């Protein structure tokens, strides 16, 4: 069994990103793989309260929007120990904006190490036109890159209804697995990548603004594959007909 601890929240954040709608859809999509079992926590401090050794992967559908409370040292330590021990991490959409000095009304929560764990983060400040932003919420086509990776191998391009992020901050290298052409920048913007943070496997995708993301088969399938890959388990693809997800 691949145990997943899914963090969602917080209360203020659901106004801009409806995690109450996306969390059950993510859970239902993941549990279409019979090996995956998901537990949901609405308290990020459960990082230090729960036995993380019971889980193979942490998934963050969380951002401390308007909450300046720093993540406790106990939870930071527990999170880092989980990753250093080879635990996996999956980071969709605006979870990359957590614990950042530019986060509105939450700059005091800044945690620099988070910007090493998560290689591309949302920066509300930015400089010289590099402030993070996105196309207006709406439809666009997502393309699978030529990079061979078990998370995307065999998937075809697909249409998504989402926010197309661009100008995400970070200096560590990424190898895009999917891209989409931004109407604002006119460029093919990277939307997902996978890498190692020490012994941990990390998958980050910028898709996931609303429940509409998961209307498409491919975002659901990428999350399933990402969880198996991050857990160091065999990736067993499902087809759209096998998925038949009613989530």
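Descriptive notes on the structure:
- Take the Cα of residue 146, step 7 Å toward its Cβ, do the same at residue 116, and the gap between the two points is 3.4 nm.
- Between 115, 236, 225, the residue with the greatest mean-square fluctuation in the GNM of the chain (Cα pairs under 10 Å linked by springs) is 236.
- Whole-Å semi-axes of the ellipsoid equivalent to the chain (Cα gyration tensor, √5λ, descending): 24, 23, 17
- Relative contact order (%) - criterion: Cα under 8 Å, at least six apart; region: region 135-247: 23 percent
- Hypothetical label at residue 81: residues of region 195-217 whose amide nitrogen lies under 18 Å (7 Å Cα-Cβ projection): 199-200
- Judged by the gyration tensor of its Cα atoms, with axes a ≥ b ≥ c, region 175-226 is oblate; a/c meets the 1.5 cut and b/c is at least as large as a/b.
- Fewest-first sequence of 171, 33, 159 by Cβ atoms within 10 Å of each Cβ: 171, 159, 33
- Over region 63-191, Cα pairs under 8 Å with separation of 6+ residues give a relative contact order of 21 percent.
- Segment residue 15-residue 74, extension gain: residue separation times 0.36 nm, minus the distance between their alpha carbons: 18.4 nm
- Mean separation of Cα pairs under 8 Å and 6 or more residues apart, divided by the residue count, gives the chain a relative contact order of 21 percent.
- At an R0 of 35 angstrom, the distance between the Cβ atoms of residue 39 and residue 159 translates into a FRET efficiency of 0.65.
- Per-residue Cβ neighbour rank within 10 angstrom, fewest leading, 99, 125: 125, 99
- Within the chain, DSSP assigns beta bridges of which about 50% are antiparallel (rounded to the nearest 5).
- Shape category assigned to region 119-217 from the gyration tensor of Cα positions, a/c cut at 1.5: oblate
- Principal axes of region 53-196: Cα extent on each, largest first, Å: 42, 35, 25
- For the pair residue 240 and residue 196, label points projected 7 Å from Cα toward Cβ lie 3.6 nm apart.
- Remark: the Cα gyration tensor places region 151-191 in the oblate category, a/c being 1.5 or greater and a/b not exceeding b/c.
- By the count of other C-beta atoms within 10 Å, a proxy for reagent exposure, 23, 145 are ordered fewest to most as 145, 23.
Bear in mind these aren't lab numbers, they're just calculated from the coordinates by the rules spelled out. What you are looking at is a predicted structure, and each value in this text was computed from that prediction instead of being measured. Glycine gets a Cβ as well: all are built from the backbone with ideal geometry, and neighbour counts include every protein chain shown.
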